[in-house]
Amino acid sequence: MPEPQETFYDVIRRQGITRRSFMKFCSLTAASMGLGPTFAARIAHAMETKPRIPVLWMHGLECTCCSESFIRSAHPLVKDVILSMISLDYDDTLMAAAGHQAEACLEETRRKYKGHYLLAVEGNPPLNEDGMYCITAGKPFVNTLREVAADAQAVIAWGTCASWGCVQAARPNPTQAVPIDKVIFDKPIVKVPGCPPIAEVMTAVITYLVTFGELPALDRQRRPKMFYSQRIHDKCYRRAHFDAGQFVESWDDEAAREGFCLYKMGCKGPTTYNACSTVRWNNGVSYPIQSGHPCLGCAEDDFWDKGSFYDRLTTIQPLGIEGTANEIGGYAAAGVGGAVVAHAAISAIKRARKSDDDDRKQD
Amino acid sequence: MSASVVRWECGVCWHVYDPAEGDPVWQIAPGTAFADLPPHWRCPRCDTEKARFIALEGDSTLSHPPPGTGRAEGDPSAALVRAYEAASVSMRDLPVYNRALTVEAIGFHRREDAWLGIVVTPWFMNLVLVPAMARAWDGWGAGSRREWRFPSGRYDFITTHLDGLGAVQTCSLFSPMADFATQAAAREMAVAALDAFLAPDPALSEPPRPVDRRAFLRGGRG
């Protein structure tokens, strides 16, 4: 029988955070996930009653940009609350303990909360030479990852590294780095790609998992639909210039100053699914396109291997993530079947719609 | 109209102060001109002082017809097709241009003070709103967002300025258009999408249940 765990609410009250601030956090969190006011109450209830879920945060081959993004979650309360909300029992980058002491924490959490902890993975394991290219605590990272994942409730793949492989898996991939779903097969995995992912997206995903104890609705590539169902292009504030055929032709030309579309400069917005153009970065201040640079497509699989960042996008995957097998042939001829077209039309409208509660819940 | 229609942009973060909207952060009522803002007012987004704001170009009072003089426009389909056909010249050689398609305005009809329909071009399919009073929205900056409520839900539309039409609002449905092999297929999709757009969503017609304070305080789920 494990000793009773503190709830999140107990912890923040002990830290002197007022109930008012706590309620404010709940509604902020609900809003950041696009959930209605009724969900704020659900979040508050869950945080008052559910024990804090321990989180183990492991680092493989990576650059720590995901952690950097995460700890810079814009709202200071959100950051404090998030870091105290998730009982971050092990994170070799952020924890005070080091060496054997740190590894003891990992062991202890695994034993004590077997089957009840979340595993967050930043970076990925290299498989070449039996995993010798990434050693943590004297053991190949891939072995530790497999062991810790075996007792986890669910796994979060932070960033493009853990989700798709990123730069270390780019050709010729000498270390044979692979995304984590190539070594973890029997656990639910949520992929949160981006290099790094947006801080608000990371906090919202982890809050959702911790408060509701279930996975958010995922798309076919296992990304949370609430943040990855639209392309940058769909909601880009420069989209009107694309529609009107107004493009930046070279850096610093008049069109660049006017803020025209960056497609010709290599923008990958039309093929990249992420929330940058709606959530934006640094507390909603800006995002790459707004600061005048094309989107690199960092949230997409293999973005390092798709040619130069400044090459014009020529191959465009015709399928939206909502696409079904029926749609793969394209909407080839009129009358292929009214039902197929109607279904695709409804999906398109749903994608364009501002999300409401019914889209957020698990399908 | 007074100078109150001029919008000002923050020189640091590009936040736009729109007199029509006021500023909820500083509790400035809509209709307050930039010049009438209190001296201690700062950018609500990045806290830059008022002096760093720049009047938005093309936003001069001259471009706004006085209220009442805008004449009610007829069906904007032809003008939309003309505007986007002009744009297709610069799109034609790009890989996003689907040569099987042409520019077409589909299903435009009057809804209250705007025309709603779908524009299909070889590079996008958008829902488009055109103001019924000509150039009524010209004060809205290109790329600015507005939320519209329709029977099926809430949608963000982006402002775009077109030759011959002035400011219209668009909401992307498909882009690029590689999925469509023929114009007929695109047209069929546009008609179906407009139907879905205007169909009431049962989930939305039911008002959200208010949080019951008593139940909430007792630990219920509200």
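The values are calculated or read from the model by the stated rules, or taken from the named source; none is laboratory data. Remember, it's a predicted structure, so these values are computed and weren't measured experimentally. Virtual Cβ from ideal backbone geometry, glycine too; neighbours counted across all protein chains shown. Calculation scope for accessible area: heavy atoms of the full protein, side chains included, ligands and nucleic acids excluded. Shrake-Rupley method; radii C 1.70, N 1.55, O 1.52, S 1.80 Å.
Annotations
- Relative contact order (%) - criterion: Cα under 8 Å, at least six apart; region: chain A: 15 percent
- Whether the stretch A:98-213 is rounded, prolate or oblate, judged on the alpha carbon gyration tensor where a/c under 1.5 counts as rounded: oblate
- Extension reserve of the A:Lys114-A:His293 stretch, reckoned as 0.36 nm per residue once the Cα distance is removed: 59.9 nm
- Whole-percent carbon and sulfur share, accessible surface of chain A, 1.4 Å: 53 percent
- Any cysteine of chain A lacking a neighbouring Cys Cβ under 4.7 Å - listed by number: A:Cys26, A:Cys63, A:Cys65, A:Cys66, A:Cys105, A:Cys134, A:Cys236, A:Cys261, A:Cys267, A:Cys276, A:Cys295
- Using θ = phi - 60° and Karplus 6.51 cos²θ - 1.76 cosθ + 1.60, couplings along the stretch B:22-32 (whole Hz; Gly, Pro as x): x, 9, x, 5, 9, 6, 9, 5, x, x, 7
- Residue mean of other protein chain beta carbons inside 10 Å, B:146-159: 3
- The residue among A:Thr136, A:Ala41, A:Gln153 whose Cα reaches farthest toward the positive pole of the charge dipole of chain A, with charges on the beta-carbon of Lys, Arg, Asp and Glu, is A:Ala41.
- Violating pairs (Cα-Cα greater than 23 angstrom) within the set A:Lys187/A:Lys268; A:Lys24/A:Lys50; A:Lys187/A:Lys350: A:Lys187/A:Lys268; A:Lys187/A:Lys350
- Excluding ligands, DNA and RNA, the accessible surface per residue across chain A is 42 Å² with a 1.4 Å probe.
- Amide H to amide H, with H built 1.01 Å from N, A:Tyr287 comes under 5 Å of A:Trp281, counting only residues 5 or more places away or on other chains.
- For B:Val96, no residue 5 or more places off, or on another chain, has a built amide H under 5 Å of its own.
- Taking Cα centre as origin and charging only the Cβ of basic (Lys, Arg, +1) and acidic (Asp, Glu, -1) residues, the dipole magnitude of the stretch A:230-323 rounds to 240 debye.
- Accessible surface buried upon A-B contact (total; probe 1.4 Å; Å², nearest 100): 4600 Å²
- Built amide H within the under 5 Å cut-off of B:Phe150, gap 5+: B:Tyr155
- Toward the positive end of the charge dipole of the stretch A:8-228, with +1 on the Cβ of Lys and Arg and -1 on the Cβ of Asp and Glu, the farthest Cα among A:Ile86, A:Asn173, A:Met226 is that of A:Met226.
- Full extension of the chain between A:Leu94 and A:Asp10 gives 28.0 nm of extra length, using 0.36 nm per residue less the Cα-Cα distance.
- HN-Hα J in Hz across the stretch B:148-157 - Karplus 6.51, -1.76, 1.60, θ = phi - 60°, x for Gly and Pro: 10, 9, 10, x, 8, x, 9, 9, 8, 10
- The charge dipole of the stretch A:8-228, taken about its Cα centre with unit charges on the Cβ atoms of Lys, Arg (+1), Asp and Glu (-1) only, comes to about 780 debye.
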